[in-house]
Amino acid sequence: MKVKNYNVLDLWPTPIYVGEEPVEDSYLNFISKIKYERASNERFDISTNKTILNKMPKLKSKIEKHINIFARDHLKINKKINFYLTDSWVNKFKKGEGSTTHSHVNSMLSGVYYFKRAPEMGGIQFQKGYQINHNLFYPDIWIEYDEATTTQAPAFNINPPEGGLVIFPSKIEHTVNQNNSDEVRYSLAFNVHVKGKFVVRDFTGKPNYELEIK
């Protein structure tokens, strides 16, 4: 029996912004000369400077433009709320290196910009996780699907092109996929927080108090 007239609403989806900014030679020249150290409990190198975008003002300005497009044009966030970049750093992945699954604390949005790309370099994988509000059903019963979609897939891979930019809510668990290329993969990661006046609510949505972040 076929039903012709029906509609499915995707309520409260998780938005992932995917944009692009051309990679300039000055970017590549700069990241090749900065100092790196081994990331704590990880298998890749990270720049010693954790506010690296302050040294790359042109790229910083372009990333801020994309943040505002995501926040204002798509999410429709009120202009009284100001977004600003906090920390930013360059990641360096050699062949066979990637990251463990993690999320970014003490920020609202996070993002990655890809300097150099080649086949088999890998990208970023987002995981749905096992929290009840991240799944269609309660997580104690694992449901099998005939086909994975963006609605119910347990994980989703994004492999941006060179100059690709991905911005996402910081709370989302994600993994940097292993670099299977013989070339070193460079990417820039960043976090974004907010300034303004906010209402802090309890788990029922009832207002508790007002909070101002300056």
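The values are calculated or read from the model by the stated rules, or taken from the named source; none is laboratory data. Bear in mind that the values here come from a model prediction, so they are computed numbers and not experimental data. Backbone-built Cβ (ideal geometry, glycine too); neighbour counts: all protein chains shown. Only protein heavy atoms, including side chains, enter the accessible area calculation; ligands, DNA and RNA are left aside. Shrake-Rupley method; radii C 1.70, N 1.55, O 1.52, S 1.80 Å.
Specify the residue that is farthest from Thr51 (Cα to Cα); the eligible residues are those in the stretch 85-113 that are among the small types (Gly, Ala, Ser) and open to solvent by less than 40 Å² (accessible area, probe 1.4 Å).
Of everything passing the filter in the stretch 85-113, Gly96 is farthest from Thr51 (Cα to Cα).
Of these, Ile67, Ile16, which one is touching a residue at least 40 places away in the same chain (Cβ under 8 Å), surrounded by 15 or more Cβ atoms within 10 Å (Cβ to Cβ) and closer than 21 Å to Arg185 by Cβ? Being touching a residue at least 40 places away in the same chain (Cβ under 8 Å), surrounded by 15 or more Cβ atoms within 10 Å (Cβ to Cβ) and closer than 21 Å to Arg185 by Cβ holds for just one of Ile67, Ile16, which is Ile16. A Cβ distance below 9 Å, combined with a sequence gap of six or more or placement on separate chains, defines the contacts here; from the stretch 114-138, residues that are farther than 20 Å from Ile31 by Cα and small (Gly, Ala, Ser) reach residues that are open to solvent by less than 50 Å² (accessible area, probe 1.4 Å) and modelled with pLDDT under 90 in the pairs Gly129/Asn135.
Condition check: open to solvent by 70 Å² or more (accessible area, probe 1.4 Å), in contact with a strand residue (DSSP E or B) (Cβ under 7 Å, 6 or more places away or on another chain) and among the hydroxyl-bearing types (Ser, Thr, Tyr). Does Tyr6 satisfy that? When the stated conditions are applied, Tyr6 does not pass them. For Ile167, the conditions (1) touching a helix residue (DSSP H, G or I) at 6+ places or on another chain (Cβ under 6 Å); (2) modelled with pLDDT under 95 all hold with the exception of (2). Screening the candidates Glu37, Glu42 for the property of being open to solvent by less than 90 Å² (accessible area, probe 1.4 Å) and at pLDDT 95 or above yields one hit, Glu37. Residues that are within 18 Å of Leu109 (Cβ to Cβ) and among the charged types (D, E, K, R) were ranked within the stretch 19-33; the one that is least open to solvent (accessible area, probe 1.4 Å) is Glu21.
Checking Lys116, Lys128 one by one, the residue that is at pLDDT below 90 and open to solvent by less than 70 Å² (accessible area, probe 1.4 Å) is Lys128 and no other. Scanning the stretch 188-214 for residues that are part of a loop (DSSP other than H, G, I, E, B) and open to solvent by less than 80 Å² (accessible area, probe 1.4 Å) turns up Asp202, Gly205. Out of Glu64, Glu21, one residue alone is at pLDDT 95 or above, among the charged types (D, E, K, R) and within 30 Å of Lys95 (Cα to Cα). It is Glu21. Of the strands (runs of 3 or more DSSP E) that lie entirely inside the stretch 143-187, those containing 1 or more residues that are open to solvent by 30 Å² or more (accessible area, probe 1.4 Å) and not basic (Lys, Arg) span 155-158, 173-176. Would you call Ile52 modelled with pLDDT of 95 or more and surrounded by 16 or more Cβ atoms within 10 Å (Cβ to Cβ)? For Ile52, the condition - modelled with pLDDT of 95 or more and surrounded by 16 or more Cβ atoms within 10 Å (Cβ to Cβ) - is met.
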